[in-house]
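No value in this document is a laboratory result; all are computed from the given coordinates. On a predicted model such as this, the values are computed, not experimentally measured, just so you know. We place every Cβ from the backbone using ideal geometry, glycine too, and count neighbours over all the protein chains shown.
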Amino acid sequence: MKIVASGEALLAPEVTRRVIEEFARATRDSASTGIEHVATEEAIGDLSEREVEVLQLMAQGMSNQEIAKELFLSSTTVKTHVSHILTKLGVRDRVQAVVEAYDSGIVAPRG
């Protein structure tokens with residue numbers, strides 16, 4: 001419970017990555033049915049360069065601590081970036097943010 005409360009991932013990064021990739025694939029398939037995406041292109045464009053970097057690392061299944069280490073930031077700074085990403089994209093959690101990253105092309109599925 002403490003792990004989730006601190007903003008860390010509950011699932012192992014590899015499992016998270018596979019779940020997100022499958023969800024993104026299903027979301028792309030549903031796009032042809034007229035289902036709207038949560039975030040707009042404008043919202044994606046509102047992300048700072050650093051927020052885009054954080055979002056890309058989130059899409060790789062990295063935890064806040066792993067992102068902090070990768071980008072030489074504090075965990076608190078990463079949490080702030082994640083919070084701003086969620087707010088700007090109008091999504092409720094990291095998974096939805098990552099799906100938007102795939103949908104917008106910020107992150108490409110591995111083939």
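Remarks
- Per-pair calculated FRET efficiency, R0 = 30 Å: VAL15 and PHE72 via Cβ, rounded to 0.05: 0.65
- Here segment 66-106 is treated with +1 on each Lys and Arg Cβ and -1 on each Asp and Glu Cβ, and its dipole about the Cα centre works out to around 160 debye.
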